[in-house]
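Structure record follows, encoded as structure tokens.
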Amino acid sequence: MRSKSEVIIADLLHDLNVTYDYEAPFTGDDGRTVRPDFTITTDIGTIVLWEYLGMLGDPRYEAKWQQKRAWYVRNGVLPFEEGGARKATLVVTDDVHGVDSQAWLQIARKALGV
């Protein structure tokens, strides 16, 4: 894992008995492949992609993220807060206001249905 926050997310998923793949390839309808931080297939077969944004505040990082987020939407991946989408649901966390592992745990429970 590339950051302490990703380790925290992995620990949360482990505590919830959720199996995940780290930086597994995810191919969109357009044939492009990206590597979300975590890919989870739920018990009912839905796919949840979890992206941790660790460098918000860096303009180049933020611009790259906006492009990736737009790509997700174009390829059938919508945020959990928007109800998810046909191909996958996107969960996004950051640490702009500090790491809030309890909030991340609640998001995981809701998004994953556990």
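Loop-located GluC sites (Glu not before Pro) in segment 1-55 (DSSP state not H, G, I, E or B) with no more than 16 neighbouring Cβ atoms inside 10 Å: 23. In order along segment 23-31, the phi-based Karplus estimate (6.51 cos²θ - 1.76 cosθ + 1.60, θ = phi - 60°) of 3J(HN,Hα) comes to 6, 6, x, 10, 9, x, 4, 7, x Hz; Gly and Pro are listed as x. If R0 equals 22 Å, the separation of the Cβ atoms of residue 41 and residue 103 corresponds to a calculated FRET efficiency of about 0.40.
Summarising the strand pairing of segment 4-112, around 45 percent of its internal DSSP beta bridges are antiparallel. What net charge is computed for the residues neighbouring residue 56, neighbours being all others with C-beta under 9 Å from the C-beta of residue 56, Lys and Arg scored +1, Asp and Glu -1? Within the 9 Å Cβ shell, the charges total -4. Computed from phi, the 3J(HN,Hα) profile of segment 84-89 under the Karplus parametrisation 6.51, -1.76, 1.60 (θ = phi - 60°) reads x, 8, 5, 8, 6, 10 Hz, with x in place of Gly and Pro.
Laboratory data are not the source of any read-out in this text; all were calculated from the coordinates shown. Please read these numbers as outputs of a predicted model, since none were measured by experiment. With ideal geometry, Cβ positions are generated from the backbone for all residues, glycine too; neighbour counts draw on all protein chains shown.
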